[in-house]
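Notes to accompany the following structure.
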Amino acid sequence: MKSEIKISDFLKTGKFGTVEINDSIKTVIEKLGEPDGDINVSKPNKGIHYSMYELIFSNDKLESIQNDRFDPEYPELTEFENDKFKLNSEFLKADRIKRLGEIESELDKLNIEYNIIDYWDRKAIKTVGDVVIDFNDEVWSDNQNEFIKIENMKDYELIGIRYYPKL
């Protein structure tokens, strides 16, 4: 029977369905099925991906899970299903641009605790499960032919999600 992985559960626990940090590549593939492919990462690390959900291993132990390709023009990058599991992206469905204020409201509705953190020189959300929800704090301006800063933090645009507990 096909399992369902809910993004809300991932945000609460840091577990991607039954996949956990420190699982081996073999264990992850047993749980999730054959990946779509490998990821080029620096040795000795290895990476596999299911659509754009990237799982990175060090010494054959899972150390991070991420998808930093949120793009409403390409929903297939965040929506995924294979013979073993279906991803339920819930409120992170890539049907339109999502903003930080909207994500906060959804987290509140789902009773998922979080904090606003400084993350790579911008603001992000870190959930109780240590998953970081990352946002762009600038947008391209055709008029100015450059990136411009988004004034209101609540309007920052979703980039993706990352679980990397050692970071």
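Quick one: pull the percent of accessible area on the chain belonging to carbon and sulfur, 1.4 Å probe, ligands and nucleic acids left out.
Carbon and sulfur atoms account for 44 percent of the accessible area of the chain.
Just to check I understand the Karplus step: with θ = phi - 60° and J = 6.51 cos²θ - 1.76 cosθ + 1.60, what whole-Hz values come out for the stretch 25-34, glycine and proline as x?
4, 4, 4, 4, 5, 4, 7, 10, x, 5
Rolling a 1.4 angstrom probe over the protein heavy atoms, how many square angstrom per residue are accessible across the chain?
Using a 1.4 Å probe on heavy atoms only, each residue of the chain averages 57 Å².
Please report the Cα spread of the chain along all three principal axes, rounded to whole Å, starting with the longest.
49, 36, 29
Work out from phi, with θ = phi - 60° and the Karplus expression 6.51 cos²θ - 1.76 cosθ + 1.60, the ³J(HN,Hα) of each residue of the stretch 76-91, listed in order in whole Hz, and give x for Gly and Pro.
Rounded to whole hertz, the list is 5, 6, 10, 9, 8, 7, 9, 5, 9, 8, 10, 8, 9, 6, 6, 6.
Give the relative contact order (percent, whole number) for the stretch 125-164; include only Cα pairs under 8 Å separated by 6+ residues.
47 percent
Remind me, relative contact order of the stretch 34-167 in percent, using alpha carbon pairs under 8 angstrom and six or more residues apart?
Normalised by residue count, the contact order of the stretch 34-167 is 20 percent.
Would you kindly state how much longer the chain becomes between E151 and N45 on full extension, computed as 0.36 nm times their sequence separation minus their alpha carbon distance, in nm to one decimal?
Difference between extended and current length: 34.3 nm.
What base-10 log of the normalised intensity I(q)/I(0) is obtained for the stretch 90-167 from the Debye formula, alpha carbons as equal point scatterers, at q = 0.14, 0.16, 0.18 Å⁻¹?
The computed values of log10 I(q)/I(0) come out as -0.47, -0.60, -0.74.
Which angle between 0 and 90 degrees, to the nearest 10, do you get for helix 100-109 versus the longest principal axis of the chain when only C-alpha atoms count?
Compared with the principal axis, the helix lies near 60 degrees.
Near K154, which lysines are there with a Cα under 20 Å away, not counting those fewer than 8 places off in the same chain?
By straight Cα distance, K154 reaches K93, K98, K109, K123, K126.
Order of 120-131, 145-156 by packing, highest average Cβ count within 10 Å first?
Order by mean packing, descending: 120-131, 145-156.
The values are calculated or read from the model by the stated rules, or taken from the named source; none is laboratory data. Everything numeric in this text was worked out from a predicted model, so none of it was measured. As a convention, Cβ positions derive from the backbone with ideal geometry for all residues, glycine included, and neighbour counts pool all protein chains shown. Accessible surface areas use protein heavy atoms only, side chains included; no ligands, DNA or RNA. Shrake-Rupley method; radii C 1.70, N 1.55, O 1.52, S 1.80 Å.
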